[in-house]
Amino acid sequence: MVIKRGEIADIGRRVMTGLLLLVIGMGLSGCSQGRLRTEGQLYSDSAALAQAYSTLERWQWWYADAYAHVSYHYGRLLREREDPVKAMQVFLSAAHSRTHDYHILGRVYSNMGSISHLAEEYSLSYDMYEKSADCFLRDGDSLLYYYGLNNMAFELAQQGKKEGAMTLLMVLEKNCTDKHVLTKSLETKAVAHLYTQQFDSAVFYAKRMIGEGDHAPTGYLVCAQAYSYAGNKDSAICYARHVLQVSQNLFHQNNALYILTNDAPDDEDVRIVAAERADTQKLIETRHGKLTQAVQLLSQDLTRRPNIAWVYAIIGTILIASFAFSILWKRRKNQMHKQITSIADQQANSMIASIKQHIDTDDINSTLHWKNYTAMKKDADLYLGGIVTKLEAQHLNEVEIRFCILTLLNYRLRTIAKTINYSYPSAIKTLKKRISDKLGTTPPELKNFLLHLLPTS
């Protein structure tokens, strides 16, 4: 059998692909997603994970999704091994890959946001969490999207921007029912009030966190800080001791020890733990130095190497803003509907009666100088509270304004059509629909909307 040159090339490609997948398979054998990643624990079979990452790095152009997936897990491994600089490099590679796996990209950006947060670069962390939320939104994962919103709010809270944080939390709480996300939002509220020196509110939300149990150490710490800032040393010391008992987090421990050494300097036990704080402080400074280097890599990358992910971030911002705006608009529309309905019920009869004192609705041609638009506009504005001027501001033309005036004066559609020389019912109903669209209402609500434009007193 004779094999042609093209067939030889095709066979070669298949062999190379098979060998590559074999190597990756060997590297990841036995490493299910559950085993590869568990919060707060080192990955099992990390050598196989590193081998898979190294192999895919050379083939990332052809296997972008697999490369991004392995990069995320490898970056997580490096973070847990206290190597944030290398982890950031790996995360950046994943972010710049050609993958369309938005779930993995969301987790990548979330980790870069977490590193930035630990380095106290809250503005940069907000940007990364915003990208993360956008990716989860595109992936359709509403739960992780709401986590992303809370992370964004938390970074604003850290910067003392309570109003911005509370606005995001309002959107979250209106639409999310997950208990863990809502508990995390309590932490954000507590920190937002703490950083704006509203200590009683900070303690209120922190104690709710403690009651939920999921984030009790953070709740204890916020209570200790709030009481310490407020000058309630006894409560501050009590909660600071709780932090040391229940948390192994260096950040928690350092802050608790700081409160104890300042609020109870003469306590013998505190003198003992003060030495512990010196050791803890050294560990934190060492870690912070590495985190700062990692964030510098991220900042340099954003300055030097813009990429399509920024487009996604812009889209995400628009989607989030649109989502929030739609909620606010719906609420405003409902309020407007109630207000218009109230006006229609309470004032319509009195308004029309008052108008009829000046306008003979049976002889509108003579009363409002109907055929002379300029004169009609002057009289209509006089008797109808500037209605023509208001409608012109909404870009209604002469015919549309005449329709609105006749509608206010309780003319029926058939009579209106005859008065403005429109066919009934097709053309006049089309005209009514067009006017309603311009005014942002519906044909059934047009009369009430126009009444709302009249003076209310």
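Filter the stretch 438-454 down to residues that are in contact (Cβ under 8 Å) with a residue 24 or more places away in the chain, under 17 Å from Ile428 (Cα atoms) and in a loop (DSSP other than H, G, I, E, B), then give me how many there are.
0
For the stretch 372-404, how many residues meet the condition of being surrounded by fewer than 21 Cβ atoms within 10 Å (Cβ to Cβ), under 45 Å from the mean Cα position of the chain (by Cα) and not in a helix (DSSP H, G or I)?
Residues that pass the stated criteria total 6.
Is it the case that Phe91 is of a type outside the set (Ser, Thr, Tyr), over 26 Å from Thr292 (Cα atoms) and buried (at least 20 other Cβ atoms within 10 Å of the Cβ)?
Values: of a type outside the set (Ser, Thr, Tyr): yes; over 26 Å from Thr292 (Cα atoms): no; buried (at least 20 other Cβ atoms within 10 Å of the Cβ): yes.
Judged against the criteria, Phe91 is not a match.
Filter the stretch 128-141 for residues that are open to solvent by 50 Å² or more (accessible area, probe 1.4 Å) and touching an Asp or Glu at 6+ places or on another chain (Cβ under 9 Å) and give the result. Give the steps one after another, and end with the answer.
Initially, the stretch 128-141 is screened for residues open to solvent by 50 Å² or more (accessible area, probe 1.4 Å), giving 137-140.
The answer is Asp139, and nothing else.
Among the residues of the stretch 320-338, is there at least one that is open to solvent by less than 50 Å² (accessible area, probe 1.4 Å), modelled with pLDDT of 80 or more and more than 47 Å from the chain's Cα centre (by Cα)?
no
Out of the residues in the stretch 112-127 meeting the condition of being without any contact (Cβ under 8 Å) to a residue 60 or more places away in the chain and buried (at least 24 other Cβ atoms within 10 Å of the Cβ), tell me which one is farthest from Thr167 (Cα to Cα).
By that ranking, first place goes to Gly113.
Does Gln357 satisfy the condition of being open to solvent by 50 Å² or more (accessible area, probe 1.4 Å) and at pLDDT below 90? Spell out how you get there, then give the answer.
Details: open to solvent by 50 Å² or more (accessible area, probe 1.4 Å): yes; at pLDDT below 90: yes.
Against the criterion (open to solvent by 50 Å² or more (accessible area, probe 1.4 Å) and at pLDDT below 90), Gln357 qualifies.
Among the numbered conditions (1) under 20 Å from Lys189 (Cα atoms); (2) touching an Asp or Glu at 6+ places or on another chain (Cβ under 6 Å); (3) modelled with pLDDT under 90, tell me where Met152 comes up short.
(3)
Do any residues in the stretch 415-431 that are open to solvent by 30 Å² or more (accessible area, probe 1.4 Å) have Cβ atoms under 6 Å from those of residues that are in a helix (DSSP H, G or I) and of a type outside the set (Val, Ile, Thr), where the two are at least six apart or on different chains, and which pairs are they?
Listed by first residue and then by second, the contacts come to Tyr424/Arg414; Tyr424/Ala417.
For the stretch 403-414, how many residues are in contact (Cβ under 8 Å) with a residue 24 or more places away in the chain and on the phi < 0 side of the Ramachandran plot?
If we filter the stretch 403-414 for residues that are in contact (Cβ under 8 Å) with a residue 24 or more places away in the chain, which is where we start, we get 403-411.
Now restrict to residues that are on the phi < 0 side of the Ramachandran plot: 403-409, 411.
Residues flagged as in contact (Cβ under 8 Å) with a residue 24 or more places away in the chain and on the phi < 0 side of the Ramachandran plot within the stretch 403-414 amount to 8.
The values are calculated or read from the model by the stated rules, or taken from the named source; none is laboratory data. On a predicted model such as this, the values are computed, not experimentally measured, just so you know. For neighbour counting, all protein chains shown are included, and Cβ atoms are generated from backbone atoms with ideal geometry for every residue, glycine included. Surface accessibility is based on the protein's heavy atoms, side chains included, excluding ligands, DNA and RNA. Shrake-Rupley method; radii C 1.70, N 1.55, O 1.52, S 1.80 Å.
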